[in-house]
Each structure stands twice: as C-alpha cells, then as structure tokens.
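See structure below.
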Amino acid sequence: QVQLVESGGGLVQAGGSLRLSCAASGTTSRINAMGWYRQAPGKQRELVATINSGGNTNYADSIKGRFTISRNNAENMVYLQMNSLKPEDTAVYFCSVNRFGLMYWGQGTQVTVSS
C-alpha cells in the first residue's frame with residue numbers, strides 16, 4: 001500500500017503562483033509514474049501532469065508552459081509548481097502514483113484562483 005498526502009493548496013489571485021507537494025509513504029519501492037490530476041465542480045477528474053521514474057514528463061495542453069512537475073525519488077516526493085494561475089485552474093488537485101499497475105490517490109487539496 002502507498003499512502004499519499006498533498007499540501008500547498010489555497011486561495012490565490014489570478015496571475016499568482018502556488019506550489020503543491022505530495023509525500024508518499026508505505027510501500028514506495030519501484031514507484032513508476034507520479035502525477036497530479038484535478039477535478040473541478042461538476043467536471044470529471046482530468047490529468048494535469050505526470051513524471052515517470054526516469055524524469056520524463058507529460059502535461060495537459062491547458063497548463064503547458066505554466067505548470068512544472070518534478071519529483072525527488074530519494075524522499076518519495078512529487079511537486080507541482082503552478083504559475084500564471086487562472087480562475088479556470090480552480091479545482092481539487094489530487095496526487096497519484098502508479099506502482100505495478102495499481103493507482104494510488106491522495107485525499108486532494110483545494111486550489112482556488114480568484115479573478
């Protein structure tokens with residue numbers, strides 16, 4: 001089992017920045033992909049960004065050039081640096097990891113961007 005705890009969400013004005021952090025604990029050996037997803041009210045959960053164990057990244061088109069995902073394998077951490085935030089980025093952001101094909105999820109952290 002892998003436990004995930006996110007932090008760093010909050011309220012920010014449009015154009016501002018936030019940095020989300022996610023700490024993985026439990027059976028963390030051989031975690032492959034780590035990532036961030038988000039879910040806005042009334043919408044389906046969507047991928048924001050992923051990063052695999054080799055450091056290769058994948059981003060949703062809507063956030064390319066504004067968000068950066070990174071990870072620290074030694075500390076089992078994954079981060080999401082969010083710049084130039086827009087009101088449409090408002091959502092609950094979830095951390096996820098993929099280990100041997102199983103997906104694990106955090107409880108989510110709220111990000112609210114005011115106009």
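The values are calculated or read from the model by the stated rules, or taken from the named source; none is laboratory data. Bear in mind the structure is a predicted one, so any value in this text is a computation, not a measurement. Cβ: placed from backbone, ideal geometry, glycine included. Neighbour counts: every protein chain shown. Accessible surface areas use protein heavy atoms only, side chains included; no ligands, DNA or RNA. Shrake-Rupley method; radii C 1.70, N 1.55, O 1.52, S 1.80 Å.
Okay, residues lined up against (1) modelled with pLDDT of 95 or more; (2) farther than 27 Å from residue 15 by Cα:
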site	(1), (2)
28	no, yes
37	yes, no
69	yes, no
90	yes, no
104	yes, yes
111	yes, no
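Select the strands (runs of 3 or more DSSP E) contained entirely in the range 1-64, then report the ones holding at least 1 residues which are of a type outside the set (Lys, Arg) and closer than 20 Å to residue 107 by Cβ.
On the way: elements: 2-7, 10-13, 18-26, 34-39, 46-51, 57-59.
Hits in the range 1-64: 2-7, 10-13, 18-26, 34-39, 46-51.
When residues of the range 73-111 are filtered for being part of a strand (DSSP E or B) and either open to solvent by less than 50 Å² (accessible area, probe 1.4 Å) or of a type outside the set (S, T, N, Q) (or both), how many remain? It would help to see each step written out before you state the result.
Filtering the range 73-111 for residues part of a strand (DSSP E or B) gives 77-82, 91-99, 102-105, 109-111.
Retained after the next criterion (residues that are either open to solvent by less than 50 Å² (accessible area, probe 1.4 Å) or of a type outside the set (S, T, N, Q) (or both)): 77-80, 82, 91-99, 102-105, 109, 111.
Counting residues in the range 73-111 that are part of a strand (DSSP E or B) and either open to solvent by less than 50 Å² (accessible area, probe 1.4 Å) or of a type outside the set (S, T, N, Q) (or both) gives 20.
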